[in-house]
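The values are calculated or read from the model by the stated rules, or taken from the named source; none is laboratory data. Worth saying up front: this structure is predicted, and the values here are computed from it rather than measured. Virtual Cβ from ideal backbone geometry, glycine too; neighbours counted across all protein chains shown. Heads up: the accessible areas ignore ligands, DNA and RNA and are worked out on the full protein's heavy atoms, side chains in. Shrake-Rupley method; radii C 1.70, N 1.55, O 1.52, S 1.80 Å.
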2 protein chains.
Amino acid sequence: MEFASSEVLGFTAGIVTTLSLLPQALKIMTTRRTRDISLLWAISMNIGILLWLFYGIAKNDMPMITANSISFALLFLILIFKLRFR
Amino acid sequence: MEFASSEVLGFTAGIVTTLSLLPQALKIMTTRRTRDISLLWAISMNIGILLWLFYGIAKNDMPMITANSISFALLFLILIFKLRFR
């Protein structure tokens, strides 16, 4: 299995942006506070990342499909937290 | 100037995720509070979106180039806020 160098770049980008959501989710789980996080950000990021996922599927772009699937799961969790913890 | 339907999807995704950062930035500007926002999220999102931008350039993907350029500017602003307002 070989990857073009652009694929490596895409997967690296995907790993970084996806992993970036982990400390945010963990911070909320620890503090149970979401006051400074915008609800509109959480809602629109969920919708937007889902659209990027569909775009990745349309373009058959593996880095985008992988990263946006996992990011969506984490963003959905953050949105649930935002709705639950004020 | 014509766009494939996948391009329209990509631009829509880009508009939504980019605009999602605006209410977050505005919220911080209004409240001057960033306590519930993860610093690690802010740092890694800046790095990650920059990598997505490079990936978009490598793939010559206009939706990715446009969205990630503007997103990076907004995320950089949010990072500055995060470092300034605790």
Report the residue count in region B:50-62 for those that are assigned to a helix (DSSP H, G or I), under 14 Å from A:MET64 (Cβ atoms) and either more than 7 Å from chain A (Cβ to nearest Cβ) or touching a His at 6+ places or on another chain (Cβ under 6 Å) (or both).
2
Of the conditions (1) of a type in the set (Lys, Arg); (2) part of a helix (DSSP H, G or I); (3) more than 7 Å from chain A (Cβ to nearest Cβ), B:ARG86 satisfies every one except a single condition; which number is it?
(2)
Do the conditions hold for B:ARG86, that is, is it in contact with an Asp or Glu (Cβ under 6 Å, 6 or more places away or on another chain) and of a type outside the set (S, T, N, Q)?
no
Do we have any residue at all in region A:12-23 that's within 19 Å of B:SER20 (Cβ to Cβ), at pLDDT 95 or above, more than 7 Å from chain B (Cβ to nearest Cβ) and more than 11 Å from the chain's Cα centre (by Cα)?
no
Please work out which one of (1) open to solvent by less than 60 Å² (accessible area, probe 1.4 Å); (2) more than 7 Å from chain A (Cβ to nearest Cβ); (3) of a type in the set (Val, Ile, Thr); (4) under 10 Å from the mean Cα position of the chain (by Cα) is the condition B:ILE70 fails and give its number.
(1)
For region B:24-36, the count of residues that are under 10 Å from B:ARG86 (Cβ atoms) and at the interface with another protein chain (Cβ under 7 Å from one of its Cβ atoms) equals 3
When region B:25-44 is checked residue by residue, the ones that are open to solvent by 20 Å² or more (accessible area, probe 1.4 Å) and part of a loop (DSSP other than H, G, I, E, B) are B:ARG32, B:ARG33, B:ARG35
Output for region A:7-24, where each listed residue is farther than 18 Å from B:LYS59 by Cα, open to solvent by less than 10 Å² (accessible area, probe 1.4 Å) and of a type in the set (A, V, I, L, M)
A:LEU21
Would you call B:ILE47 open to solvent by 70 Å² or more (accessible area, probe 1.4 Å) and facing chain A (nearest Cβ under 8 Å)?
yes
